[in-house]
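The values are calculated or read from the model by the stated rules, or taken from the named source; none is laboratory data. Just so it is clear, the structure is predicted and the values come from calculations on it, not from any experiment. So basically every Cβ, Gly included, is an ideal-geometry build from the backbone, and we count neighbours across all protein chains shown.
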Amino acid sequence: MPDRSSVPLVTARDVTLKYGTFCAVDRASFTVHRGEKFVIIGPSGCGKTTLLKAIAGFIRPADGSILVNGVPIAAPGPDRAVVFQDFEQLFAWHTVLGNVTYALAAAKGVRGAEGRERTRQMLELVGIAHAADRYPHQLSGGMKQRAAIARALALEPQILLMDEPFGALDEITRSHLQVELNEIWRRTGVTIILVTHSISEAVFLGHRVLVMSEHSGRVREIVDTGAAEEWGSEAFREISDHLRTLLIAPEGAAPRVSARVGRETP
């Protein structure tokens, strides 16, 4: 479990993100702890991906600040690795092994035998070591996502940022990868910040879930999902119902909260 007694790894303070005059995220404040699986959920167009891009360093806040280890984010960096939803994020002209070793050389300067060994360790971790010499066009969607996760983890990032990584997969593959991601987290302890549209995925994968409002991307509530340890349990259903209510209820409404649901005021 994450250490919530220590200084947060990520701190967002009244972050406003804009595209021109359009406000995508409005005064968002939250913290992410080391070793935490922190999930962001909300309606389409509410600014979830924009917020993730800002943590990655791709977008600068129009107002407010985002800090990692107490230092404002100025640009992308290998301490924050990103896995996107798009299956085609791998280089088509490289094998799976080549995709990961190239990233290690470019981002970390790790080459040769050391790079190949670290790559093979990551491919073993995500379960596709047998496909090391295949090219992306020879892989299924699930295998491509496993390769992308291996490439990100090989950089040994402090934070793994994931934007709907399983959203385009079939339900069976998606369920397998959700279980595998939890196992990867248990084995590595990496901090994960994940965007999803799926309520059940948010509850299953997250320690806490940040719920965003529909318009101008405000933080509506942060829900502790630690009590929902088993899929389909009573706690899992109650927390899922609470998240669903938050997503459909008018902003400003106060949905009923079960004693099992941990709430955090943003």
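Checking each residue in segment 86-137 for being of a type in the set (D, E, K, R) and either exposed (fewer than 14 other Cβ atoms within 10 Å of the Cβ) or under 24 Å from Ala168 (Cα atoms) (or both) picks out Asp86, Glu88, Arg111, Glu114, Glu117, Glu124, Asp133, Arg134. Within segment 141-169, take every residue that is within 17 Å of Thr95 (Cα to Cα) and not hydrophobic (A, V, I, L, M, F, W, C) and give me the one that is surrounded by the fewest Cβ atoms within 10 Å (Cβ to Cβ). The selected residue is Gly141.
Taking the conditions (1) closer than 24 Å to Gly141 by Cα; (2) buried (at least 17 other Cβ atoms within 10 Å of the Cβ); (3) touching a helix residue (DSSP H, G or I) at 6+ places or on another chain (Cβ under 8 Å) in turn, Val211 satisfies each one other than (1). Among the residues of segment 182-213, those identified as under 19 Å from Cys46 (Cα atoms) and among the charged types (D, E, K, R) are Glu201, Arg208. Just to verify a result, which residue in segment 155-208, among those that are farther than 19 Å from Asp79 by Cβ and among the acidic types (Asp, Glu), is modelled with the lowest pLDDT? Taking the candidates together, the pick is Asp170.
When Thr188, Thr173, Thr196, Thr245 are screened for being β-branched (Val, Ile, Thr), surrounded by fewer than 20 Cβ atoms within 10 Å (Cβ to Cβ) and in contact (Cβ under 8 Å) with a residue 40 or more places away in the chain, only Thr188 passes.
State yes or no: is Arg80 basic (Lys, Arg) and farther than 21 Å from Ile192 by Cβ? For Arg80, the condition - basic (Lys, Arg) and farther than 21 Å from Ile192 by Cβ - is not met.
Return yes when Ser198 is of a type in the set (S, T, N, Q) and over 15 Å from the mean Cα position of the chain (by Cα) and no when it is not. Here the answer is no, as Ser198 does not meet what is asked.
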